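Comments concern the structure below.
The values are calculated or read from the model by the stated rules, or taken from the named source; none is laboratory data. Please read all numbers here as calculations on a predicted model, not as lab measurements. Note that we place each Cβ from the backbone using ideal geometry, even for glycine, and neighbour counts take in every protein chain shown. In case anyone asks, the SASA skips ligands and DNA or RNA and just uses the protein heavy atoms, side chains included. Shrake-Rupley method; radii C 1.70, N 1.55, O 1.52, S 1.80 Å.
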Amino acid sequence: MLSHYRVLDLTDDRGLIGGMILADLGADVIAIEPPEGNPARRRGPFAHDIDDGDHSLNWWSYARNKRSMTADLASEAGRERLRKLAATADVLIESAGPGQMDAIGLGYDALAEGNPGLVYVSISGFGADGPKAGYAASDLVIAASSVEMAITGDHDRAPLRIGLPQSGLHAGAEAAQAALIALRERTRSGLGQHIDVSAQTSLMQATQSIALAHAVGDVDTSRFTGGVNLSGLPIPLVWKAKDGYASVTFLFGAAIGPFSRRLMEWIYEEGGCDEATRDKDWLNYTGLLVSGQEPPAEYQRVLQTVGAFVASKTKEELLREAMARRLLIVPLSAIGDLHDSPQFAARDYWHDVPAEDGRSVRYPGAFARLSATPLDLGDTAPAIGQHDAEFESALTRTASAPPPVESSGADLPLSDLKVLDFMWVVAGPTSTRVMADYGATVVKIESTTRVDTARGLGPWNTGAAGPENSGLYQNMNAGKLGLTLDLGSEEGRAVVLDLVRWADVVGESFSPRAMRAWGLSYEQIREVNPRVIMLSSSLFGQSGPYSDIAGFGTMGAAAAGFNMLAGWADRDPAMVAAYSDYVAPRFTLAAVLAALEHRDRTGEGQYIDFSQAESSIHYLAPAMLDYSINGHEFERRGDSAPQMAPHGVYPATGTDRWVAVACETDAQWSALATAIGRTDLAADPALSTLAGRLGATEALDAAVAAWTAERDMSEAEHTLQAAGVPAHAVQNSTEAIADPQLIHRGHFARVAHSALGETTVEASRFRLSRTPARTERGGPTFGEHNFEVLNCLLGYDADRIAELAAGGVLQ
């Protein structure tokens, strides 16, 4: 799909996945490495535990399908080599840090002089400008700054990050979708632009809008083991089974309450509860708790009842009954479980590549299945400079940008796209929200009788629950047009088919049977509009033994292995919320934009079968390869890191106040020891190496904790950053709203809302220099744009619209 594009990838492990995504979609991606190799080659784990620059499983995971050419950017000859390649490129992605490429004459402005069509993407910890742009950043520090850490872990211990570094993956995948958005705009203007990607705001997607709580008038969310305390309501999501752990979604409301009711019926059948417990009002149970009609002690008794029942069943028993009874339960998968999953086997998911020793290495497979243009996953990652001999021939290529034209910049990059959006909850709406931000006309289809689950989830505007008050719903659906329809009626289906004729993209995120039941399968939609791109996003995809499991990202996260990577070695796995809902949208949008590229060139539409679990596993690829090659099962280890010390989260003054500190180098350790007044430790030769510090972790953690415990967390952050030590206060929503970096970037945007007057949503997580995103209103109220959609987009006259309303079609 993207074979006409060339991408230069100068990222390290803080962005490598972006080039991988573009390579899988067909682009010619050239990894530009220093002569000694990309720093990611020194990041463990390592194949056969060999650290020689060629066996890093991080490099293997995210550099496959790329070519490698070397350029020593410290020399003028190396810089000229890159300039020549940049003149042939469509996209360049780098993660050097703010201003560093400019300082050596290789920033956007310099390279765009020779190639005005170049899309230049810069990935950094906190963005290219602002008071924290120069901060020393690590994965732990980004997690602390993003609110994601504040809501993860146990209430009586330090907050946690996911054990495998994630911030660079979020930022790198963000870079890929941002580049595709800019390339689409370039087809009209002929011009490239600079894209500024902040890892902090990218990772904030993993908070499920909880970062907005303070801004919309709700309380901060607090963490507890295996769950989250949301708007004052404790919600366990990780439960002990007889032989492991399971994700059980025991929640309430119109969308989820029926699932909880069916679970209680099963518990009753087996003698686990009485009739009164079984027959509680599970649809309205949240309201009963909030109003005090249901005492907290009774809710705790119910949770104990459910917990005792789940603990009496094996993971296999829970999964079997969940499928038979339509319950929201899946086992928590360890890395080894993923290898043996019958679902992934049935879909032939794994990508097995021959290794140098004759064995096969098992990689995660295609992140999306496209009917007309399947992804080409390629071979192993390249050796250092493996393709240097191809350098001269590479210079014969001309960048594919059309000639520059006069452009006012008024049109947003996706202003030519029309999207019919059947998505709901989080994963699907997140990707269509990005489309709306960048100009697409997105029509969201809803029903007042089958209410979007997101409308029943906080944080709540003014702290009051209600279908128009959900900060999550507003955030996921900002900028969209809302149309309410009865999809079960012939008249409603006729309206949908008219919208299909209008649309470029149709997206849905129901279980596989839902669209078929409405007569809206891809085959039926293609008959109406053969050029349409249809995306079906579900937990496990459209085929396989688990395909009919309907559910949410909490289940996707559990099934994809994320829960088992977060937590303490001596405790149960931590809750990582609906993590697959935060990973999947970046892959979704990249696949859709690439399919549109193909459609625009060939006229061919196609169908995208998207599994949230399959795409999300790419964020765990190094651990997958470590298991496949070395037989190592990833173990939870709190906030420690095998290649850094000290590395942890330490107490500050006040209640639940913490500071994340990470020493990535010997120099940073020396600076840390000096900053905390421990010159004795700085001078100790036994601690001058990583190996020595790893052997003294307990003592070093105690020394850092003694210093932070006497200081405000912001004071500790500023003191350590001034010394060049990666550090950041662990921010919850209250701190994030006041974060000067997020304020500088305008991350929290006040927008109009027809019912609330105004509300706050998150702005775009990346910046385009010439055609930035535009977010002006929150999510639509029920049926807010019925007339606008039917009259202005479809051309229905007032009489026909009135007939539809009178017939109950516009429900």
If the convex hull is drawn through the Cα atoms of region 507-629, its volume per residue in Å³: 121 Å³
Helical contribution to [θ] at 222 nm, DSSP H n ≥ 4, -39,500 (n - 2.57), averaged over the chain, rounded to 500: -10000 deg cm²/dmol
Selected from Pro234, Ala254, Trp266, residue furthest toward positive end of dipole (region 216-285; charges at beta carbon): Pro234
At R0 = 25 Å, FRET efficiency that the Cβ-Cβ distance of Arg188 and Thr398 yields, to 0.05: 0.80
Using a Förster distance of 22 Å, the FRET efficiency for Glu265-Ser489 (Cβ separation, nearest 0.05): 0.10
Cα convex hull of the chain, projected area averaged across orientations, nm²: 33.2 nm²
Counting DSSP beta bridges with both ends in the chain, the antiparallel % (nearest 5): 50 percent
In Hz, Karplus ³J(HN,Hα) per residue of region 541-549 (6.51, -1.76, 1.60; θ = phi - 60°; x = Gly, Pro): x, 8, 9, x, x, 9, 5, 7, 6
Region 326-378 shape via C-alpha gyration tensor axes, a/c threshold 1.5: oblate
Between region 1-75 and region 358-398, the Cα center-to-center distance that results, in Å: 10 Å
Cα centroid separation - region 727-766 against region 511-554, whole Å: 34 Å
For region 436-500 versus region 229-290, the gap between their alpha-carbon centres in whole angstrom: 26 Å
Spread of Cα-to-Cα distances over 10 Å intervals beginning at zero, given as percent, for region 212-298: 15, 40, 36, 8, 1
Accessible area of the chain belonging to carbon and sulfur atoms, whole % at 1.4 Å probe: 51 percent
Solvent accessible area, Å² - Trp460, 1.4 Å probe, full protein context: 30 Å²
Normalised alpha carbon radius of gyration of region 182-259 [divisor 2.2 N^0.38 Å]: 1.73
Test item: Cα-centred dipole of the chain, Lys/Arg +1 and Asp/Glu -1 on Cβ, debye: 820 debye
Region 22-37 - phi-based ³J(HN,Hα) in whole Hz, Karplus 6.51/-1.76/1.60, Gly and Pro as x: 5, 5, 4, 7, x, 5, 7, 9, 10, 7, 8, 10, x, x, 7, x
Contact order relative to length of the chain, as percent, for alpha carbon pairs under 8 angstrom and 6 or more apart: 18 percent
Two-decimal Rg to Rh for region 665-777 - Kirkwood Rh, Cα set: 1.19
Accessible surface ranking that places the most exposed of Cys663, Cys273 first, with a 1.4 angstrom probe: Cys273, Cys663
Alpha carbon convex hull of region 57-141, volume per residue in cubic angstrom: 120 Å³
Most positive-pole-ward Cα, Ile30, Thr70, Ile50, against dipole of region 1-71 from beta carbon charges: Ile30
Using θ = phi - 60° and Karplus 6.51 cos²θ - 1.76 cosθ + 1.60, couplings along region 599-604 (whole Hz; Gly, Pro as x): 4, 5, 8, 10, x, 9
Two-decimal log10 I(q)/I(0) for region 273-325, as the Debye equation yields it once each C-alpha is a single scatterer, q = 0.25, 0.27, 0.31, 0.32 Å⁻¹: -1.02, -1.07, -1.17, -1.19
Long-range Cα-Cα pairs in region 658-715 (distance over 13 Å), rounded percent: 59 percent
Solvent-accessible area of Tyr627 with every protein chain in place, 1.4 Å probe, in Å² to the nearest 10: 70 Å²
List Thr679, Thr734, Thr373, ordered by accessible area with a 1.4 Å probe, largest first: Thr679, Thr734, Thr373
